[in-house]
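Please read the structure below before turning to the comments.
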Amino acid sequence: MKRFVYINDDDLSHDLYCDNRISNRKYTLLNFLPKNLWEQFSRFMNQYFLLIACLQLWPLITPVNPASTWGPLIFIFAVSATKEGWDDYCRYLSDKKANEKEVWVVRQGSKKLIQAQEIYVGNLVWLRENDEVPCDLILLGTSEPQGVCYVETAALDGETDLKTRSIPPACMGIDSELLHKIKGVIECPTPDKDIRRFDANLRLFPPFLDNDVCPLTIKNTILQSCYLRNTDWACGVAVYTGNETKLGMCRGVAEPKLTAMDAMIDKLTGAIFIFQIVVVIVLGIAGNIWKDTEARKHWYVLYPKEGPWYELLIIPLRFELLCSIMIPISIKVSLDLVKSLYAKFIDWDKQMFDVETGTSANATNTAISEDLGQVEYILTDKTGTLTENKMIFKRCCIAGTFFGNENGDAVKDVELLNAINTGSPDATRFLTVMAICNTVIPIKSSSGIVSYKAQSQDEEALVRAAASMHMSFVNKNSNILDIDFNGSLIQYEVLDYLEFTSDRKRMSVVVRDCASRKIFLLSKGADEAILPCAHAGHQTKTFSEAVDQYAQMGLRTLCLAWREINEIEYQDWSSMFKEANSTLVDREWRVAEVCQRLEHDLEILGVAAIEDRLQDGVPETIETLRKAGINFWMLTGDKQNTAIQIALSCNFVSPEPKGQLLLINGKSEDEVCRNLERVLLTMRITKAEPKDVAFVIDGWALEIALKYYRKQFTELAILSRTAICCRVTPSQKAQLVELLKSCDYRTLAIGDGGNDVRMIQQADIGVGISGREGLQAARAADYSIGKFRFLKRLILVHGRYSYNRTAFLSQYSFYKSLLICFIQIFFSFVSGISGTSLFNSVSLMAYNVFYTSIPVLVSVLDKDLNEKTVMQHPQILFYCQAGRLLNPTTFAGWFGRALFHAIVVFAITMHAYAFEKSEMEEVGMVALSGCVWLQAFVVAIETNSFTILQHLAIWGNLVVFYIINWIVSALPRSGMYTIMYRLVRQPAYWNTMFLIVAAGMGPVLALKYFRYTYRSSKINILQQAERLGGPILTLGNIEPQPRSLENDLAPMSISQSKNGRNSVFEPLLSDSPSAVRRSFGPGATFDFFQSPKSSSYPRNKDN
């Protein structure tokens, strides 16, 4: 699809396209209530609770006042709606501020000041220095004679370096006064979100120019939210406005990520729902039988002899309403609240503040913090993620001569400096390519000092190195480049840029020497992209050896080349290049094809080697996380040897003989197949040996493996703890993440650049580093950090604590609901199985909203171990990775606890107060009191670290319980009139509470004591060491379950789905040291606080 933009035509502008009003609002005043309710009721649980609430409006079947359900339901919906409404109001204020900014536009031949929201497509917009760009513009004129301007795109892509934008050639030379009258048409694509690409054509109408087509690229645009810098004024025509700008198209709500714990909670909720239906059916049938056989014998029951047709449904429906509280109505709101607090804890963590960049950690996604504690695979970029992305030119090879050594950089090499000073042609041409084959912008200060703004750190390093060796790039005036070489000024005219792409892996520039009028092609890029383009007979062996040698040192390499082009060849090629740039369909592919026609018969000048140092703490971080059972994959676009050296230096893999690297190379299917089979065979043989084995694969082989041998490659991914993937593209990074996710592993992807965004968004957890490549990765990620080393704390501290706290909160929420429900069920057996409620409506409503919610919410402060212990012993993350605190077995433990406590409360209450001793309201209040007391002690014994706030919440909540009921007992119409007054004055009531707590908590405490003393887990041992304050001298081994990895892979090798995998579940009250993650080799033992063997890294499945 295309759109035609008519420049400076007010009549057509209003009718064809939208205005520039920005709207990120989700609601309006009119649709807020219905739309919000529709969204909330789109969830199954809310639909279920609404159905229950509606059934309670039927007086014939409701056992309690409808307010007991409607109250909490309305409260929860109101909380969610208020949050949504406030967020939307904040978006409205932000939109209003942007829409009402004043800008200058041309209307009817003169400039007018209007609001930004009144701009239409086709309007001419005038910007002054430091103005924010209100919409997407095609640049038509600037204050600079060269037709360029400088823009800051930090708000768009996070890159702080200034970028150059230029007016189309067709607009060169048009006077600023004539720009008011300019007319023409722009043929461009429909709006899209690609901020790196814009393929369009421009035709100016006479008298400005005839109808020649002028191609437009992204270099001719200035996009919304950028800022005009270092330029007095600029003029452009609006092509995309409002929500149709590229930035507006990028906005939107990201697809929500479902954590492993959320999935487990959904499964447990479904299981409870099925149990509830079974209970309702059984009690409904029993109730109808009792009614027909026994109830009609008692005159006081008042059952009619003949009932309506739906009589058989009344008792089951009453039990459905009575048992509906099995599923806690407040669980989602409670989880959302605590997850928001987890995110705030990350934001507030001062130990994750990067002093160097002034960057603090930030949690963009507040819903997945507990998944950090279950990470099994980390897929990481290299440059800027593991390294500093501060490039330093270290060594070079020019015409077969090596410069630079261990004692100094190449720029200080005496031999190289002598060659430059004596005018060596090879050295001069090498430095010339370094200085001008780039997109660097030189900026000269008032003091005459030249600084450089570059989009690539590699380019900046090369230009600075060339300047230090007397080949200084001092000025760029339109297409004229000024080079200062040993005090002499050399000028080159840039004719064409052949831009770098991830497919081409090289960039070139066509320049004309202003003195000799000769035309040259200067190229630089990866060795695999440059060396094959050398002219016939050119010896490239020395350069290949130089590339390999520098890669062995962990240096980044670039090959530099050039050739002279005759005028006729250039003119023929230039016409094809312009034609390719004028196409709107497949422009990028056609341009690449035309570029290849020129980039041949090159003379290889040499190899430049650039150092990119590791960030502080990277090796220690990787070593610690590997001890925690996390597997690492490095995905990089660098050369294989460079990636291997970096991997060795940052503890990705151990050096020989302890470690072993298995290479998978090849550019044909047969070759890749042979290598893959060889590596798989080696992996199967060595998987039980204490050897650190990793495989290395390049982009070519990876593409073939994923396309033709996906099953074998997936098996390799399961067997290997470490992988190094070289020369991979952004799409391949995302494919590898998807591959591991398809095997049901929890993945975390971390990167710092725009090429990592797809990988980050694809992973279960995306982490972006706010680096020198900008903020694109950080903005697309769920979490952003300043340095890689903070990942250790993010996972081990925040991830683990979040998992533990969520596991307790979710199961406790079910426990307290099941407790009250079981008591109701027991009461039905002494009330004629009629579905009568023991508790009044006010008590039920307050039970879920006030009495039991506050104590558990402060569990977000609980820490089973202090942070120092967690960081010193990362192996304890295994408990989270294996899902040891939330699974069907631990839930069964909480289910059994609820059933046992319900029996205790009901039996003691009925013995002390039932039958002729008290009225039913008193019995219900005694039972409710017993539940609240038990809740307090359950929370207390499950809390590991107490603070004043937790004590206030737990014990203060008991005080609040009595205050509320004291007040309610004073109300004659409450149904509880004087009840609490009478109960608290009776010694029997307090004796009953004591018996309930003693009988209910005694066995639980005994079981915990037995486990803590005789079957203590590694966490229990660490807790004891913390309390005693002594060192941990020895801890036994974890004896894994006999389990062969082949069981996971055969007979399908690798395509085993998670439903076919065995799982390990461990109840909360029986933390057995024998229950470990599932894929340890048979018969292997694992010393918990020693570095685990490569074969002993289990996989977390099917929690």
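For E715, the solvent-accessible surface computed with a 1.4 Å probe is close to 10 Å², ligands and nucleic acids excluded. Once the Cβ-Cβ distance between K193 and T542 is put in as r, and R0 is 51 Å, what FRET efficiency do you end up with, to the nearest 0.05? Efficiency, rounded to the nearest 0.05: 0.65.
Net length available on complete extension from D426 to S502 is 24.5 nm, with 0.36 nm assigned per residue and the Cα-Cα distance removed. Using Cα positions and a limit of under 17 Å, work out the aspartates and glutamates in reach of K444, with same-chain residues fewer than 8 apart set aside. Those aspartates and glutamates meeting the cut-off are E144, D161, D232, E460, D482, D484.
Seen from F937, the other residues with C-beta closer than 13 Å to its C-beta sum to a net charge of +2, counting Lys and Arg as +1 and Asp and Glu as -1.
A probe of 1.4 angstrom, applied to the heavy atoms of all protein chains, finds C250 with accessible area near 70 square angstrom. Taking Cα atoms only, the orientation of helix 669-686 departs from the longest principal axis of the chain by about 50 degrees. Relative to the dominant Cα principal axis of the chain, helix 699-708 is inclined by about 50°. Accessible area ranking (1.4 Å probe, heavy atoms, ligands and nucleic acids excluded), largest first, for F808, F4: F4, F808. For segment 75-84, the Karplus equation 6.51 cos²θ - 1.76 cosθ + 1.60, evaluated at θ = phi - 60°, returns couplings of 4, 5, 5, 5, 4, 5, 5, 5, 4, 4 Hz by residue, with Gly and Pro reported as x. Computed with a 1.4 Å probe over protein heavy atoms only, the accessible area of S654 comes to about 30 Å². Within a straight-line Cα-Cα reach of under 12 Å, K524 can be paired with the following aspartates and glutamates, leaving aside sequence neighbours fewer than 8 residues apart in one chain: D458, E459, E499, E599, E603.
Taking the Cα centre of each part, how many Å lie between segment 486-560 and segment 838-911? Here the answer is 65 Å between Cα centres.
Each of Q351 and N566 was given a label point 7 Å from its Cα along the Cα-to-Cβ line. The distance between the two points is 7.1 nm.
When you count the other C-beta atoms within 10 angstrom of each residue and take the mean per peptide, 938-947, 958-967 line up highest first as 938-947, 958-967. If you fit an axis through the alpha-carbon atoms of helix 457-468 and take the longest principal axis of the Cα set of the chain, what angle between them do you get, 0 to 90°, nearest 10? With rounding to tens, the tilt is 40 degrees.
For N130 and T583, a Förster radius of 45 Å and the Cβ-Cβ distance give a FRET efficiency of 0.80, rounded to the nearest 0.05.
For the chain, the share of accessible area belonging to carbon and sulfur comes to 57 percent (1.4 Å probe, ligands and nucleic acids excluded).
Under 1.5 on a/c is rounded, so check that first for segment 629-727, then, if it is not, pick prolate when a/b is larger than b/c and oblate when it is not; a ≥ b ≥ c are the square roots of the alpha carbon gyration tensor eigenvalues. Cα axes put segment 629-727 in the oblate bin. Straight-line cross-link reach from K344 at under 16 Å between alpha-carbon atoms covers no lysines, not counting any fewer than eight positions away in the same chain. Say the cut-off is 29 Å between C-alpha atoms; which of K382/K1018; K97/K163; K339/K382; K382/K707 go over it? From the list (K382/K1018; K97/K163; K339/K382; K382/K707), the Cα-Cα distance tops 29 Å for K382/K1018; K339/K382. Matching the structure-derived Rg and Dmax of the Cα atoms in Å against the labelled list (1) 35.8, 122; (2) 29.2, 91; (3) 34.0, 131 gives the label (1). The N479 and S110 beta-carbon pair, evaluated with R₀ = 30 Å, returns a calculated FRET efficiency of approximately 0.35. For segment 119-251, averaging the sequence separation of C-alpha pairs within contact (under 8 Å, six or more residues apart) and dividing by the residue count gives a relative contact order of 45 percent. Within segment 634-713, the trypsin sites (Lys or Arg not before Pro) that combine a DSSP coil assignment with at most 14 other C-beta atoms in a 10 angstrom radius are K658, K667.
Of the beta bridges in the chain, as assigned by DSSP with both residues counted there, near 75 percent are antiparallel. With Cβ to Cβ distances under 12 Å as the rule, what net charge do the other residues near H535 carry (K, R +1; D, E -1)? So the surrounding residues net to -3. Quarter the surface of the alpha carbon convex hull of segment 752-907 and you get the mean projected area, 12.9 square nanometres.
Computed packing ranks the peptides 30-43, 515-528 as 515-528, 30-43, most packed first, by mean other Cβ atoms within 10 Å.
The values are calculated or read from the model by the stated rules, or taken from the named source; none is laboratory data. Just so we're clear, the structure is a prediction, and the values are computed from it rather than from any experiment. Note that we place each Cβ from the backbone using ideal geometry, even for glycine, and neighbour counts take in every protein chain shown. When the accessible area is computed, the model is the full protein with side chains, heavy atoms only, and any ligands, DNA or RNA have been set aside. Shrake-Rupley method; radii C 1.70, N 1.55, O 1.52, S 1.80 Å.
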